[in-house]
Amino acid sequence: MRNLWMATAVSALIGTGALASGLEIEIAGEANGTVKIDLLEDVAPQHVERITTLAEQGAYDGVVFHRVIDGFMAQTGDVQFGKVGADTRRAGTGGSDMPDLPAEFSDVAYEKGVVGMARAQNPDSANSQFFIMFDEAPFLNGQYTVVGKVTEGQDVVDAIKRGTGGNGAVVGDPDVMQKVTVVE
């Protein structure tokens, strides 16, 4: 009986993944609307914790979609260099003041609406940036950490302003995450 009580108590403290937290992202620009994302803390607990911490701090509010490639994905989340109103020419090269995260690869496939963590060449270099898929990209499977899936608002994601610069860089006024809220 004591072991059952302990297991129940531990489960309550650490969570079971059944009540996944999520994000609501209010997007403005060529795309206007709200995107809801289910975060997969059972798949990538450290990355989900990072995203929710930054969202709760308001770090993602006002961050632009700096790299958007038609038929592939929209990337955002550079809390260092990606704030609207700042010089965003370095957007995509920064992160938060927290340390980089070790990869949490899974067997979740990169399909339309999947949210993954952006990183440099080093698999253990994800920090604050993430991307949302426009379509499937099997070559990313097992190579980038999956953190979530769009549950509502994929039409808003699909309307995000595409990049026309090198490597999908958005030229002119990029779309922006006006407000990012953690929801249960």
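The values are calculated or read from the model by the stated rules, or taken from the named source; none is laboratory data. Quantities reported herein were computed from a predicted structural model and do not represent experimental measurements. Cβ atoms come from the backbone with ideal geometry, glycine included; neighbour counts cover every protein chain shown.
Just a few scattered comments:
- Residues that are touching a Ser or Thr at 6+ places or on another chain (Cβ under 9 Å) and either crowded, with 24+ Cβ neighbours inside 10 Å or hydrophobic (A, V, I, L, M, F, W, C) (or both), drawn from the stretch 128-142: 128, 129, 130, 131, 132
- Flag if residue 181 is β-branched (Val, Ile, Thr) and surrounded by 14 or more Cβ atoms within 10 Å (Cβ to Cβ): yes
- Top-ranked residue of the stretch 132-144 - restricted to ones that are touching a residue at least 40 places away in the same chain (Cβ under 8 Å) and out of contact with any Lys or Arg (no Cβ under 8 Å at 6 or more places or on another chain), ranked as farthest from residue 41 (Cα to Cα): 137
- Checking 70, 78 one by one, the residue that is in contact (Cβ under 8 Å) with a residue 12 or more places away in the chain, under 14 Å from residue 170 (Cβ atoms), of a type in the set (D, E, K, R) and surrounded by fewer than 19 Cβ atoms within 10 Å (Cβ to Cβ) is 70 and no other.
- Per-region count, the stretch 1-41, residues at pLDDT 50 or above and either among the small types (Gly, Ala, Ser) or more than 14 Å from the chain's Cα centre (by Cα) (or both): 10
- Count of the stretch 84-115 residues which are under 23 Å from residue 58 (Cβ atoms) and touching a Phe, Trp or Tyr at 6+ places or on another chain (Cβ under 7 Å): 6
- Strands (runs of 3 or more DSSP E) contained entirely in the stretch 70-184, each with at least 1 residues that are of a type in the set (Gly, Ala, Ser): 73-76, 114-117, 146-152
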